[in-house]
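To start, the structure itself, in structure tokens.
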Amino acid sequence: MPGIIIDRDRCKGCETCVEACPQQIIAMSKEINAKGYFYARVDDPFRCLGCRICAIVCPDVAIEVLSEGVQYSLFEY
Amino acid sequence: MAKKLMKGNEAIGEAAIQAGVRNYFCYPITPQSEVAEYLAKRMPEVGGMFLQGESELAVGNMIFGAAATGERVFTTSSSPGISLMQEAISYIAGAQLPAVFANIVRGGPGLGGILPAQSDYFQSVKGGGHGDYKMLVLAPSTVQEAVDLMMIAFDLADKYTNPVMIIGDGMIGQMMEPVEFKKPPPMALPPKKWAANGCKGRDPVIIRSLFLDPLRLEQNNRELFVKYRRMQAEEVRFERYNVEKGNKVLIVAYGTTARICKTVIADFKARGINVGLLRPISLYPFPMAAVAEAAEGVKAVLSVEMSMGQMVEDVERSVLGRAPVGFFGRVGGVVPTPEEITVEIEKLL
Amino acid sequence: MQKEVTFAGFGGQGIMSIGQFVAYTGMEEGSEVVWLPSYGPEMRGGTAYCTVVVSDRPIGSPIIQNPQYAVVMNRPSFDKFEPTIKPGGLIVINSSLIDVKSRRTDIDQLGVPANEIAIKHGLPRSANIAMLGAFVGRSGIIKSNNLKKFIEKKFGSRREVLESNMKILEEGLGIAENSQ
Amino acid sequence: MERTAEKVVFTRPEAMKNAVTHYCPGCTHGVIHRIVAEVIDELGIRDKTVGVGPVGCSVLIYNYMNVDFLEAAHGRAPAFATGIKRVRPDLIAFTYQGDGDLASIGMGEIVHAANRGEKFTTIFVNNAIYGMTGGQMAPTTMPGQVTTTCPLGRNTKDTGEPIRMAELLSALKTSAFITRVSVHSPRHIVETKKAILRAFRYQIDKVCYSLVEVLSICPTNWGLTTKESAKWLEETMIPYYPLGDKKTPEHSQR
């Protein structure tokens, strides 16, 4: 099953991933991280497609993408 | 190796080749364009790299980039061009890279003229660029000495990871004299662990002069000055000419001016009057102790320069009241004549 | 002994070259030598000049205000340098282009129809070689056979040019001898 | 969640250090840094690459890239890279420059390096403003755009029109790869990576000079949210700065 890990203390709360996620499963936390930002978090991990778009747009390399088995991609990156 | 009759500018170029240097960046400017012309032919013959950049500003910064890889590199220019290189020189000093600059000085300020001058003393010795830094500044007085100093300049630059400047007035570049290329004994130099040439098998290196933390920047400045103190201890160079007890007057002069003073001294000697000459070869570090010692017991000290009075400040700092310090200079490309200097010395007797 | 000479003329008359020939030959003879050009606006038209010093000891000032010798190839050079020559010195004058003589009684002078000589031998641009021959012949600053050896080396690759130049040089040397 | 059977398919490239950048939230420098690092990894050139940083917001890029790095004087990065490549053609050199650095104070250096066909790669980040010094007008600032030194909006009658660097450089006859891309959307980021990969390949193959102009956002100095910034870039900048290859070595006859 694919999934993402957001490093909450690297996140600066820019919301780019929230806008980018095709599944609309990333949202901003109501809590702040160590730097004082409302950080991004995954709301509904079971709907993640592992498409990598959130990680690709993240300016802070705060998102890692994990996958299992064969990875199908809609685009080359 | 037999002696060759060479123009100073060409000899400076050949000296770098003989010293094994294969990288030269330049921008043409009178009166040193012959270095560029000579090396445009010579570098390809020895498999070296020659590049004419778009400005001295760019060339100075090409020197930074090239020096950062650990390769030996140099450029030559004349006063207005050296002014444009001050940015890079300050950065190179700040980042502690070795590089050699030769300045064939012409008159200023501004576009000035193209005839010989020594009016870049302050620029080369006291800074020129921004920030607290020093360059090793070496001033030849003959074409042979220009060659000899060029051939050790690269070792000295590597020894101190610092820019070294060879400074000659226009005559040093333009005149022809017999020269011999004698390889100096190699210096023991530390490995270039700082070089940015790909991080194979090691952590990446960063070459920079930026230190945003004031304490870290202060520390960098202090490190630089530890190095400069080492230069003061190890790199003072000068010539004593007819310096002896009983000198009535001590002349302090460098470069071509010093040669003219030697002619004057010979004439005085013939008249039974004893005049000495202390010729600084390293302008930085300035031979303060040698000047002070030579000034002991003289009636007066005379600084002769092709400037409105620049080195004289260091002469005064060295003599420290042991004798009155006078100054004589001609500028704008006018070279002081032996007759004029004779008149000045007679005033002091 | 230190000997100083100023070579002067129009840019393009080969003034710088003959100065260098003397310096080269002087060096080969084991003397200390300096060749110093005038550089600057004079290089383009007007007078071009260079100073050569040949000495048996290290040379002090490379700048010479009052040389023993002057070799002048045009009128402006004559006017500029004739008054500067040391008493007892020598001026060699290109009489093809300079229609005056020195009125100084304290120097030696030698007129050389340099352009005519050069044209006669088919190398109009080699008037400087005639001047050089006459100057070296009269002053003895370097040995004429050493100068010939140098000229041979210099022009050796082009036989005809060398032969004509040697003839021009000989004629210059001859003028120095015959007028003595 | 059980993770053992899973593998990481996207993470920080080796050519990027594990450091948190000083960039503002939403600033796309981070994306561009990462793409350059990914390309360096994919091409296997990390141990022979030397980067040259600019003066500007990305002045501290050397703290983020895991390769040898030089910090250049303002605008002079192309001269630094020329120095590197001329004396060590075997190294891979790239400059990373902003619009103030490259298109204003460094205009001379970039034009001549491109014209000599220096075999290095330039990543030119155009965000239409001076970021580090606090949002002053850049040569690439859009007509009417408000900055701290054109508080009433850029008046092109006074200050000229924004400079299209990619077009300007592609007017040179010397062969080069000059392209313009953007990082304001996922699709554009994917295209940007392709362009940067291609640019480095031309260098490795010693084909030509290459410059990738990357349109970038500056939410802080534009005074917009990240989302609004992306929209502004799309609607204002792209019509004036059209994307695409301006010149390729395969078709560089002009």
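Here are the numbers for the structure shown:
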read-out: Shape call, the stretch B:238-348: gyration tensor on alpha carbons, a/c limit 1.5; value: rounded
read-out: Residue mean of other protein chain beta carbons inside 10 Å, D:89-97; value: 1
read-out: Residue mean of other protein chain beta carbons inside 10 Å, B:174-186; value: 4
read-out: Within the stretch B:280-320, GluC sites (Glu not before Pro) in DSSP loop having at most 13 other beta-carbon neighbours inside 10 Å; value: B:Glu296
read-out: Cα gyration tensor shape for chain C, rounded if a/c is under 1.5, else prolate or oblate; value: rounded
read-out: Debye, to nearest 20: dipole size of chain D, +1 on Lys, Arg Cβ, -1 on Asp, Glu Cβ; value: 440 debye
read-out: Listed pairs B:Lys182/C:Lys148; B:Lys192/D:Lys48; D:Lys119/D:Lys194; D:Lys85/D:Lys193; C:Lys86/C:Lys154 exceeding 26 Å between Cα atoms; value: B:Lys182/C:Lys148; C:Lys86/C:Lys154
read-out: Cα-based radius of gyration of the stretch B:176-244 once divided by 2.2 N^0.38 Å, which approximates compact folds; value: 1.79
read-out: 21 Å tail of the calculated P(r), the stretch D:29-249, as % of Cα pairs; value: 50 percent
read-out: Loop-located trypsin sites (Lys or Arg not before Pro) in the stretch C:46-150 whose Cβ has at most 12 other Cβ within 10 Å (DSSP); value: C:Arg103
read-out: Calculated FRET efficiency for the pair D:Thr148/A:Met1, C-beta based, R₀ 51 Å, to 0.05; value: 0.55
read-out: FRET efficiency estimate (nearest 0.05) - Cβ-Cβ, B:Ala233 to C:Val161, R0 60 angstrom; value: 0.55
read-out: Percent breakdown of C-alpha pair distances by 10 Å bin, ordered from the shortest bin, for the protein assembly as shown; value: 2, 12, 18, 18, 15, 12, 10, 6, 4, 2, 0, 0
read-out: HN-Hα J in Hz across the stretch D:204-210 - Karplus 6.51, -1.76, 1.60, θ = phi - 60°, x for Gly and Pro; value: 4, 7, 6, 7, 6, 6, 9
read-out: Per-residue mean of C-beta atoms belonging to partner chains within 10 Å, peptide B:141-151; value: 1
read-out: At least 20 Å along the helix axis (C-alpha) and Kyte average at least -0.5, DSSP helices within chain B; value: B:79-95, B:143-160, B:255-270
read-out: Filter on B:Lys227/D:Lys206; B:Lys262/B:Lys347; A:Lys35/D:Lys227 - keep pairs with C-alpha separation over 29 Å; value: B:Lys227/D:Lys206
read-out: Dipole axis of the stretch C:3-178 (+1 Lys, Arg; -1 Asp, Glu on Cβ), positive-most option in C:Ser77, C:Gly88, C:Leu162; value: C:Leu162
read-out: Qualifying GluC sites (Glu not before Pro) in the stretch D:9-90, DSSP loop, other Cβ atoms within 10 Å at most 14; value: D:Glu14
read-out: For D:Tyr209, residues with placed amide H under 5 Å, excluding near neighbours; value: D:Phe177
read-out: Candidate aspartates and glutamates for bridging to C:Lys153, where Cα separation is under 17 Å - those fewer than 8 sequence places away on the same chain excluded; value: C:Glu28, C:Glu29, C:Glu163, C:Glu170
read-out: Check: chain A dipole with +1 on Lys, Arg Cβ and -1 on Asp, Glu Cβ, in debye; value: 160 debye
read-out: Rg over Rh, two decimals, the stretch A:3-66 (C-alpha only, Kirkwood Rh); value: 0.92
read-out: Per-q log10 I(q)/I(0), chain B, q = 0.09, 0.14 Å⁻¹ (Debye; single scatterer per alpha-carbon; no solvent); value: -0.48, -1.12
read-out: Cβ-placed point charges (K, R +1; D, E -1), dipole of the protein assembly as shown about Cα centre in debye, nearest 20; value: 900 debye
read-out: Of all accessible heavy-atom area on the protein assembly as shown, the percent that carbon and sulfur account for (1.4 Å); value: 53 percent
read-out: Under-5 Å amide H pairs with B:Ala102, H placed in peptide plane, nonlocal only; value: B:Thr75, B:Thr76, B:Ser77, B:Ile166
read-out: Accessible surface of D:His22 - all protein chains present, 1.4 Å probe, nearest 10 Å²; value: 90 Å²
read-out: Isolated Cys in chain A, by beta carbon distance under 4.7 Å; value: A:Cys11, A:Cys14, A:Cys21, A:Cys48, A:Cys51, A:Cys58
read-out: Chains B and D, summed buried accessible surface - 1.4 Å probe, Å², nearest 100; value: 2600 Å²
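The values are calculated or read from the model by the stated rules, or taken from the named source; none is laboratory data. Quick caveat: nothing in here was measured; it's all calculated off a predicted structure. Cβ coordinates were reconstructed from backbone atoms using ideal geometry, including for glycine residues, and neighbour counts include every protein chain displayed. These accessible areas exclude ligands, DNA and RNA; they are computed on the full protein's heavy atoms, side chains included. Shrake-Rupley method; radii C 1.70, N 1.55, O 1.52, S 1.80 Å.
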